[in-house]
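A short write-up of the structure that comes next.
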Amino acid sequence: MGSGPGHTDIVMDTNSREVDGMTEHQKRIERSRARTRDRGPVQDITDPDTGGSRILSRPCDTCVLRAGNLMHLDPGRLAALLADALPDSYVVCHETLTYGDFPDYGPAICRGFADRFGDKSWAITLLRRCGRLVEVPPPNDCPPVHGEEPLR
């Protein structure tokens, strides 16, 4: 192994291929980190009671995957959202985002995404096979807590 200015040791396992000084695995990790930085606050889908991953029990009323563009997304935005999530991750329901209309509800996986694309997402597949999904109703379905106004 050499050393000195301008010299880089290349270490690869049999599942890695070096491209532009980085393996595909390293590039994938860096892309994931960049997406995380660009997304804003972390949306932790962990259920505090069970430790499982929260998923909506049904698609919310304005699910981005319902017909008719109910969220009035710009052209190409849904395709970009799906490309960003697949095949490694999932989409968090917009109604459950910590910076949305129900900031205290808690993030949950979009049911529309899971139903349509779950078989293409290794994260959803793994959570399903390990029995780690915890269904929660969409925020608008939740009854009010005693003394509070209903969620709108």
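The values are calculated or read from the model by the stated rules, or taken from the named source; none is laboratory data. Just so we're clear, the structure is a prediction, and the values are computed from it rather than from any experiment. All Cβ positions, glycine included, derive from the backbone under ideal geometry; neighbour counts span all protein chains shown.
With respect to the conditions (1) acidic (Asp, Glu); (2) in contact with a Ser or Thr (Cβ under 8 Å, 6 or more places away or on another chain); (3) surrounded by fewer than 16 Cβ atoms within 10 Å (Cβ to Cβ), GLU95 lacks only one, and its number is (3). Of the set (1) more than 20 Å from PRO139 (Cα to Cα); (2) part of a helix (DSSP H, G or I), all apply to GLY68 but (2). Which numbered condition in (1) surrounded by 17 or more Cβ atoms within 10 Å (Cβ to Cβ); (2) farther than 15 Å from THR62 by Cα is the only one that ARG129 fails? Here ARG129 meets the rest and fails (1).
A quick yes/no check of all residues on (1) at pLDDT 95 or above; (2) more than 15 Å from the chain's Cα centre (by Cα):
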position: SER121; (1), (2): yes, no
position: ILE124; (1), (2): yes, no
position: GLY131; (1), (2): yes, yes
position: GLU135; (1), (2): yes, yes
position: ASN140; (1), (2): no, yes
